[in-house]
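Read the structure below first, then the notes.
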Amino acid sequence: MGKTATALNLGDGAGRKRVPFSTADIGFRPYTPAQLEAFAEQLKEVGLLARIIVRLTAPQGSYEIPAGHNRASAAGLAGWDVIPAGIAEADDARAIVIATSTNLIQRQNLSLVSNRKKRCI
């Protein structure tokens, strides 16, 4: 199952429609509006550190975001028209693995940063 890089248009002009990724409850929780605003400000200052991962779905032109939902939402709030994305050719099982593994990695990174900050205080 391959993956190609692209820039995903966040607006409606691209003819693509984001559909919810709901094949499994993997523990993902969207950021609150305040968290998204803070993330949008961070994106304006430092840019995007990791591209999102999407998979194309039916109907033609629709897509799901197994990895990067909060990044895409914050980028839209930051005024971005496009966001770097990897397109994964993935069935439901593979999409769940992508979503779960990236979600766990993000949480682990947050835990490491939080622990490091606690030691510095």
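We did not get these values from a lab; they are worked out from the coordinates using the rules stated. The model shown is predicted, which means the values in this text are computed figures rather than measured ones. With ideal geometry, Cβ positions are generated from the backbone for all residues, glycine too; neighbour counts draw on all protein chains shown.
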On the formula 1/(1 + (r/R0)^6), with r taken between the Cβ atoms of Leu77 and Val97 and R0 of 25 Å, the FRET efficiency rounded to 0.05 is 0.30
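Quick one: net charge around Gly47, please, counting Lys, Arg +1 and Asp, Glu -1 for every other residue with C-beta under 14 Å from its C-beta. Present the calculation step by step, with values, prior to reporting the outcome.
Values: positive: Lys44, Arg51, Arg71; negative: Glu41, Glu45.
Around Gly47, the surrounding residues sum to +1.
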